[in-house]
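The structure appears right after this line, and notes come after that.
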Amino acid sequence: MPDAAFQKAATRALLSLPRPALRLLSGGGPVYQGGRTLDPRLQFLAFQARGQPPLSAFAPPEARIASAQALKAFEGRLKPGVAIESLTAETESGPLEARAYRPAIQDPAAPVVVFAHMGGGVIGDLDTSHVFCSLLAAVARAPVLNVDYRLAPEDRFPAGLDDVLGAYRWARDHAGRFGSPAGEVAIGGDSMGGNFAAVICQELRRHGEPQPAFQLLLYPAVDVASETQSMSLYADAFPLSRAMMEWFMGHYLGPGDNPADPRLSPIKAESLAGLAPAIVVTAGFDPLVDQGEAYAKRLREAGTPVIYRCYDNLAHGFCAFTGVVPAADVACREVAGLVREAIEGRLV
């Protein structure tokens, strides 16, 4: 069996082939769906994945290992000029492992951006968003705090959410440690991490606490209770499918949990008024694209400043594919640029 280094090199070599060759190796012409065209490199990766067992075929511990190995083959390089520190955040949920990213040129007015990784609340760790967090810090000129929260089924809802909320409050109380103004914090995450970020804004409102400087929601899971058109249209998409979502929620939710609870499906909240300015980003080939767009629309209708972007030719989890999908790398840099605009006050 090839080792991880060989697999990574082989994957990158194949993905450097011209687009026509990639499509030929993927079984033919371009993939069109829902009026969109899938990036040929993602098309090739999806074709390659057909011969592999899905993560849902594994128990969570084995799925975590398989996912981590796959992501190593896809991730880009760390952004130079970013200092990375491992630390422990002493939170109301207990001690949490985290990583801080400090750019060489930091805006002294920038908030600490607390970031929660993807993984359906079941898989993922500090390495999942490691490269993206370094890029975000460098481009946005802001400190980023990457949080390692508890995972299901060992710790089901709301354990992970509570951890990220605790990390947010800790960062708010220790903002000066990262070179940010006192109390200046933002919240962000991708996929399930985006769910946490959206819910945390609502929780802070409920508790009468100040809102974050902004919320960054990357292809967020904001509705685990409803069946949208994109959930059916992209039911068999790569790397997230409807079966994978069901597997995640089957482990994340407890027997008595209601999927329509706004702490699980923040789009179900009666009101989205009074929440932090939002950057909402979706991917075209993603079962979650409709709910992300719908959440952005509801935020805007409630009077919240919103920047919405949909990267039509990309798929769910594209922040982890920057090393092998150039369009994903471009998208991530654009997203980090939007965060920079939010810090400069151009979002509101």
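The values are calculated or read from the model by the stated rules, or taken from the named source; none is laboratory data. Everything numeric in this text was worked out from a predicted model, so none of it was measured. Cβ sites come from the backbone with ideal geometry, for glycine too, and all protein chains shown count toward neighbours. All accessible areas refer to the heavy atoms of the entire protein, side chains included, with ligands and DNA or RNA removed. Shrake-Rupley method; radii C 1.70, N 1.55, O 1.52, S 1.80 Å.
Among the candidates Pro266, Pro277, single out the residue that is in contact with a strand residue (DSSP E or B) (Cβ under 8 Å, 6 or more places away or on another chain) and within 19 Å of Asn195 (Cβ to Cβ). Please lay out each step first, then the result.
On the way: Pro266 fails: in contact with a strand residue (DSSP E or B) (Cβ under 8 Å, 6 or more places away or on another chain).
The conditions single out Pro277.
Could you list, in sequence order, all residues of the range 96-119 that are free of Cβ contacts under 8 Å to residues at least 60 places away in the same chain and not hydrophobic (A, V, I, L, M, F, W, C)?
Looking only at the range 96-119, we keep the residues that are free of Cβ contacts under 8 Å to residues at least 60 places away in the same chain, and these are 97, 99, 101, 103-105.
Scanning the range 96-119 gives Glu97, Arg99, Tyr101, Pro103.
Being closer than 22 Å to His130 by Cβ and either without any contact (Cβ under 8 Å) to a residue 24 or more places away in the chain or in contact with a His (Cβ under 7 Å, 6 or more places away or on another chain) (or both): is that true of Leu87 here? Before you say what the answer is, go through the steps one by one.
Numbers: closer than 22 Å to His130 by Cβ: yes; either without any contact (Cβ under 8 Å) to a residue 24 or more places away in the chain or in contact with a His (Cβ under 7 Å, 6 or more places away or on another chain) (or both): yes.
Judged against the criteria, Leu87 is a match.
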request  = Pull up the range 40-83, narrow it to residues that are open to solvent by less than 40 Å² (accessible area, probe 1.4 Å) and not in a helix (DSSP H, G or I), then point me to the one that is nearest to Tyr234 (Cα to Cα).
outcome  = Glu75
inquiry  = Cβ-Cβ distance below 8 Å, separation of 6 or more or different chains: which pairs start in the range 208-226 with a residue that is farther than 15 Å from Arg242 by Cα and end on one that is surrounded by 24 or more Cβ atoms within 10 Å (Cβ to Cβ) and polar (S, T, N, Q)?
reply    = Leu218/Ser191
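Among the helices (runs of 4 or more DSSP H) confined wholly to the range 234-348, which include 2 or more residues that are within 27 Å of Val185 (Cβ to Cβ) and either open to solvent by less than 10 Å² (accessible area, probe 1.4 Å) or of a type outside the set (D, E, K, R) (or both)? Spell out how you get there, then give the answer.
Details: elements: 242-252, 289-301, 326-343.
Qualifying helices (runs of 4 or more DSSP H): 289-301, 326-343.
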request  = State the number of residues belonging to the range 95-107 that are open to solvent by 60 Å² or more (accessible area, probe 1.4 Å) and within 23 Å of the chain's Cα centre (by Cα).
outcome  = 3
note = Expected single match for crowded, with 24+ Cβ neighbours inside 10 Å and within 19 Å of Glu209 (Cβ to Cβ) among Ala182, Ala110, Ala171, Ala140 is Ala171
query = Here are Glu154, Glu92: which of them is closer than 18 Å to Leu165 by Cβ and open to solvent by 10 Å² or more (accessible area, probe 1.4 Å)?
reply = Glu92
message = Would you confirm, using the coordinates I've provided, whether Ser180 is more than 20 Å from the chain's Cα centre (by Cα) and in contact (Cβ under 8 Å) with a residue 12 or more places away in the chain?
response = yes
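Go over the candidates Val185, Val147, Val139 one by one and state the one that is out of contact with any Pro (no Cβ under 9 Å at 6 or more places or on another chain), among the aliphatic types (A, V, I, L, M) and in contact (Cβ under 8 Å) with a residue 12 or more places away in the chain.
On the way: Val185 fails: out of contact with any Pro (no Cβ under 9 Å at 6 or more places or on another chain); Val139 fails: out of contact with any Pro (no Cβ under 9 Å at 6 or more places or on another chain).
Of the residues listed, the single one that is out of contact with any Pro (no Cβ under 9 Å at 6 or more places or on another chain), among the aliphatic types (A, V, I, L, M) and in contact (Cβ under 8 Å) with a residue 12 or more places away in the chain is Val147.
Identify all residues within the range 38-83 that are of a type in the set (Asp, Glu) and touching a residue at least 12 places away in the same chain (Cβ under 8 Å); write none if there are none. Full working, then the answer.
Within the range 38-83, the subset of a type in the set (Asp, Glu) is 39, 62, 75.
Matches in the range 38-83: Asp39, Glu75.
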inquiry  = Given the criterion surrounded by fewer than 18 Cβ atoms within 10 Å (Cβ to Cβ) and at pLDDT 95 or above, identify the matching residue among Ala213, Ala198, Ala225.
reply    = Ala225
